[in-house]
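The values are calculated or read from the model by the stated rules, or taken from the named source; none is laboratory data. Everything numeric here is computed off the predicted structure, so don't read it as measured data. All Cβ positions, even for glycine, are placed from backbone atoms using ideal geometry, and neighbour counts span all protein chains on display. When the accessible area is computed, the model is the full protein with side chains, heavy atoms only, and any ligands, DNA or RNA have been set aside. Shrake-Rupley method; radii C 1.70, N 1.55, O 1.52, S 1.80 Å.
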2 protein chains.
Amino acid sequence: MTKDVLRVETILTTTEDVLRRHGLAKATVLDVARALGVSHGSVYRHFPSKAALRGAVTRRWLTRARAVLATIAASDDPAPERLSRWLTAAFESKRAKALDDPELFETYRTLAVEHTDVVEEHVTELLAQLRAIVEAGLASGDFAPTPPDVAARAVFDAVARFQHPLLASEWARPGIGAEFDGVLGLVVRGLLAR
Amino acid sequence: MTKDVLRVETILTTTEDVLRRHGLAKATVLDVARALGVSHGSVYRHFPSKAALRGAVTRRWLTRARAVLATIAASDDPAPERLSRWLTAAFESKRAKALDDPELFETYRTLAVEHTDVVEEHVTELLAQLRAIVEAGLASGDFAPTPPDVAARAVFDAVARFQHPLLASEWARPGIGAEFDGVLGLVVRGLLAR
């Protein structure tokens, strides 16, 4: 059992490596098996199709991206600061990915378009993190009464300019940091109790 | 002089018609001259290149899209209501364009990408309208003290999900109206005096 779990992780790590070095076109089950030095049958045993393999690697990428945000969402910071930290970290990490390695970012963007179900899971998890912060702010009285689900979604949508992969080309613009700060301030003030 | 002004308008109206009926590939100076039944020289006299003609037709399209918003921005409504009306009208009209005639919308989206200077003028004008509403709200005491330029930009950026042409494919989703309302409420509350 442990051996099998390891094997799945190994396959995904190798798939990421193949994606990074050769791009999407070369990331087939056969290519990954070759890079691992195993028969393609032993990869197919875990991932019955190229789509299954790609969906799994997309899920792992998004899960990793979410981990640092989960830590912030679960922290003890007052809700307004926690929300600011969460939104800033979400923008900064995505921006760094897009600007530092645009080719790999584009690869994962294409994977995300192919696997909308995996992206939906990711968005659901992000919204749950935001809702936890909103609920903390409601409990502490920092935030004005509001349905937490609606507020979490509104916050998420209000920062789309700084999160949506289709807008990544704008994140290199000189004024983008100040523009993000402007939206961040507006969003946090929009939640505060009066 | 009047005759010349009329001629420019006629050329642009015909260009819009050619774009609507035949798409971008067929909207050259020659095609437009043919549709007008004039020599291409008489079109070139006003628009020395295809780029000049396309830039002008893009500018006219955006100016028209802005006109209804300008009326709202200059109205006597209390600033919070005026801002809600402005943002709602901006989303509704763009959404209608994208959904009612996706082909024409895509044509103008391509034109906008070709003529970023024209789009920048447009954004500058929209930001000036938003700033006027923010200033009205500051004068009336409805809005909390804030630099109007920064606030206008923050409002504009916070609704990018409902304005950016690259995200148009999401405007047909069933929940989009409720999501817009959520962001609208958050943005307006973010500006209100406490």
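In the complete set of protein chains, residue-level accessible area for residue A:179 is approximately 20 Å², probe 1.4 angstrom.
The angle between the Cα long axis of helix B:79-100 and the main principal axis of chain B comes to about 40°, on a 0 to 90 degree scale. Put a plus charge on the Cβ of each Lys and Arg, a minus charge on the Cβ of each Asp and Glu, and nothing anywhere else: the dipole of the range B:1-48 about its Cα centre is then about 100 debye.
Please report, in debye to the nearest 20, how large the charge dipole of the range A:6-88 is about its Cα centre when each Lys and Arg carries +1 at its beta carbon and each Asp and Glu carries -1 there. Walk me through the intermediate numbers first.
On the way: 14 positive and 7 negative charges, 82 e Å.
So the dipole magnitude of the range A:6-88 works out to roughly 400 debye.
Average 1/r across all pairs of distinct alpha carbons in the range B:111-194, invert it, and you get the Kirkwood radius: 14.2 Å. Between 0 and 90 degrees, the angle of helix B:176-191 with respect to the longest Cα principal axis of chain B falls at about 60 degrees. Inverting the pair-averaged 1/r between distinct Cα atoms of chain B gives 18.4 Å as its Kirkwood hydrodynamic radius.
Counting Cβ atoms of other protein chains within 10 Å of each residue's Cβ and taking the mean over peptide B:177-185 gives 5.
Applying 0.36 nm per residue to the separation of residue B:169 and residue B:17 and subtracting their alpha-carbon distance, the gain on full extension is 52.3 nm. Computed with every protein chain present, the accessible area of residue A:105 is close to 20 Å² [probe 1.4 Å]. Magnitude of the charge dipole for the protein assembly as shown, about its Cα centre and with charges confined to Cβ atoms of Lys, Arg (+1) and Asp, Glu (-1), is about 920 debye.
What is the Cα convex hull volume of the range B:1-48 when expressed per residue in Å³?
Values: hull volume 2.9 nm³, N = 48.
In the range B:1-48, the Cα convex hull volume per residue is 61 Å³.
Here the protein assembly as shown is treated as a Stokes sphere of Kirkwood radius computed over C-alpha pairs; at 20 °C and 1.002 mPa s its diffusion coefficient rounds to 90 µm²/s.
Put simply, the amide H of residue A:143, placed in the peptide plane, has neighbours under 5 Å in A:138, A:193, leaving out anything fewer than 5 places away on its chain.
Each label point was placed 7 Å from the Cα along the Cα-to-Cβ direction; for residue A:30 and residue A:75 their separation is 4.9 nm.
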